[in-house]
1. With a Förster radius of 30 Å, plug the Cβ-Cβ distance of residue 90 and residue 29 into 1/(1 + (r/R0)^6) and report the FRET value to the nearest 0.05.
2. At a Cα cut-off below 26 Å, give the lysines reachable from residue 86, other chains included and same-chain residues fewer than 8 away excluded.
3. Kindly rank 27-34, 12-19 from highest to lowest mean number of other beta carbons found within 10 Å of each residue.
4. With the alpha-carbon atoms as the only input, what is the per residue convex hull volume for the chain in Å³?
5. Given a 10 angstrom Cα cut-off, can you work out which residue in 48, 56, 22 is the most mobile in a GNM of the chain?
6. Averaging over all projection directions, find the projected area of the Cα convex hull of region 13-78 and quote it in nm² with one decimal place.
7. How large is the dipole of the chain about the Cα centre if only Lys and Arg carry +1 and Asp and Glu carry -1, each at its Cβ, rounded to the nearest 20 debye?
8. In a GNM of the chain with a 10 Å cut-off on Cα contacts, which of 76, 99, 89 has the highest mean-square fluctuation?
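Taken together, the values in this text are just the output of simple stated rules run on the coordinates, not laboratory data. For clarity, every value in this text was computed on a predicted model and none was experimentally measured. Cβ sites come from the backbone with ideal geometry, for glycine too, and all protein chains shown count toward neighbours.
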Amino acid sequence: MDIKIYDNNDTNNRTKVFFAVDDRNIVDSVTVGNSAVPVRKGFQFYVDDYVANQIDKTELVLTGGYPQLRVREGEEIEIPTEEQEKQREIEELERKLKELRGETGEPENAE
């Protein structure tokens, strides 16, 4: 099964994935994260966040020199339900709110 890949993160719910390849175009490492800066030859694109969290279940396939991401044989990508996605969003917003309020989640020392 092919996995949808994107050229950008314009919706902010995608994650950068970089597949580094050797001189024979064989993948020898994968870097996941929007802050990652590739320093080797390879292929970079964006995938949905839930795919990035399961990148070990995928493989990079070159067809005609164009990269495609596929689910490895015997593996299955779990697609979050709408409810799970909403819960993830709520948790992210709560984390950002705490950050803005200056709360660290650590107990304060009362002296």
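1. Computed FRET efficiency for residue 90 and residue 29: 0.30.
2. Here the lysines satisfying the reach criterion relative to residue 86 are 4, 16, 57, 96, 98.
3. Highest to lowest by the protection proxy: 12-19, 27-34.
4. Taking only Cα atoms, the chain has a hull volume of 164 Å³ per residue.
5. Checking each option, the largest mean-square fluctuation is seen for 22.
6. Convex hull of Cα atoms, orientation-averaged projection: 4.6 nm².
7. Dipole size: approximately 580 debye.
8. Sorting by GNM fluctuation, first place goes to 99.
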